Amino acid sequence: MPVLAKLEQAGFEAYFVGGSVRDTLLRRPVADIDIATSAFPEEVKQVFTRTFDTGIEHGTVSVLEAGEIYEITTFRTEGTYADFRRPDEVVFIRSLEKDLERRDFTMNAIAMGLDGHFIDPFGGQQDMAQKQIRAVGVPFERFHEDALRMMRGVRFVSQLCFDLEKNTYDAILQNSELLENIAVERIAVEFVKLMRGEAVKVALPLLHELGILPFLPGLKGRNDALERLDKWDLATVKDETTIWFVVVLAVQPVNASIFLRAWKLPNKLIRDVTKAYALAEKTVWSDYELFVTGMDTVALIEKGRFVRTGITVWDALYARFADFCVQSRSDIKATGNDIMAWTGKKGGPWLKVLLAQLDQAIIEGDIANTPEEIKGWVKHVIS
């Protein structure tokens, strides 16, 4: 609020806009706070002492105020969208209504001033009262400006438990192929948010109904995967790794790594999910298998089992693991260097095999985890 006050004191208009206003009206937790102003970027920089040109070509200046960073964006209109994602031209303006006119959905085209008054030229509050997601103005134009808005619309269905207004629904159905112009990373972000939504089982069938499914990597023609997800308990599926593991379980790809790489996901997530998927049907574990697999992977497998069946044996497995005399290789009182010193041998494949045998012997209680006992065991095995 002090940021808005400073802009107003300098003679400019300033408002909260977008998702923060929507979520305030819906009494939902507010995440990002967007501030829009009639001040042009250079004018914003004159109002505040500490500023950063984070997106100045699009009218956004970041300011440091009371130890916090705030993004302030100038009212603007946008030109044509040759790539269906980014405007070819941005024009700074002084009109709030013209700025709101370029936004995606009416519920996101509401501004709120310092006095708590709402500026809602497109009926966003009425649409929210009716629990409907309606594009601002002509839906066809909004989706040609930014095709990702179609995916966002379905994501909002999941998050807000709203329905798509008929003209908006029809426009997505007619223009879904424009999603082929959108970077898969941006689609993946929306897909994960969709999977976290309370109405995920309403939103997922829409991906098929609206013709969006072919533009999601590895999901073209895979309505069977959506049907599996519909039968499972997705209420506990919130963290990103679990989301992608559950999706892989539903899709059943021949190669999970290739499927996940097509979504351009982080390498660690791909490794973690691929490892869990290879062991997803495992129900009986030896102590050594638990140790080697790692409890993070076992936990992921058990989350997937619970989602699919409502059954998990995680507590019992973790209790067993907690009783192990060692929880990781670093707890074992001998390293590869120790073994090479004791044996006088150089490193090689034999050492990896021996270390695995040592881990198993300690986990299964065949030898104590002390340097002396390990040294005797090593010399016995080598001889």
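Just so it is clear, none of the values below were taken in a lab; they were calculated from the coordinates. As the structure is a computational prediction, the values presented were derived from the model and not from experiment. Backbone-built Cβ (ideal geometry, glycine too); neighbour counts: all protein chains shown.
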In which sequence would Arg134, Arg261 go, from the one with the fewest C-beta neighbours within 10 Å to the one with the most?
Arg261, Arg134
Looking only at Pro349, Pro214, Pro371, which one moves most when the chain is put into a Gaussian network model with springs between Cα atoms under 10 Å?
Pro349
Quick one: net charge around Glu101, please, counting Lys, Arg +1 and Asp, Glu -1 for every other residue with C-beta under 15 Å from its C-beta.
0
What percent do you get for the relative contact order of the chain when only Cα pairs under 8 Å and 6+ apart count?
9 percent
Mind checking the dipole of segment 85-196: about its Cα centre, +1 per Lys or Arg Cβ, -1 per Asp or Glu Cβ, Debye to the nearest 20?
320 debye
What is the order of Thr312, Thr60, fewest Cβ neighbours within 10 Å to most?
Thr312, Thr60
Say the dipole of the chain comes from +1 at the beta carbon of Lys and Arg and -1 at that of Asp and Glu; which of Pro41, Ser257, Ala14 then lies farthest toward its positive end?
Ser257
Relative contact order computed over segment 220-324 (Cα-Cα under 8 Å; 6+ residues apart), in percent:
31 percent
Please tell me the relative contact order of segment 50-172 in percent, rounded to the nearest whole number, where contacts are Cα pairs under 8 Å and at least six residues apart.
17 percent
Out of Arg320, Arg305, Arg22, any idea which swings most in a Gaussian network model of the chain, alpha carbons joined below 10 Å?
Arg320
Cβ-placed point charges (K, R +1; D, E -1), dipole of segment 329-382 about Cα centre in debye, nearest 20
340 debye
Comparing Ala129, Ala39, Ala276 in a Gaussian network model of the chain (Cα, 10 Å), the one with the largest mean-square fluctuation is Ala129
Which one of Ile339, Leu160, Tyr318 has its Cα pushed farthest toward the positive end of the charge dipole of the chain, where Lys and Arg give +1 and Asp and Glu give -1 at the Cβ?
Ile339
Going from the fewest other Cβ atoms within 10 Å to the most, one would list His208, His380 as His380, His208
With only Lys, Arg, Asp and Glu charged, each at its Cβ (+1 for the first two, -1 for the last two), find how big the charge dipole of segment 225-383 is about the Cα centre; round to the nearest 20 debye.
680 debye
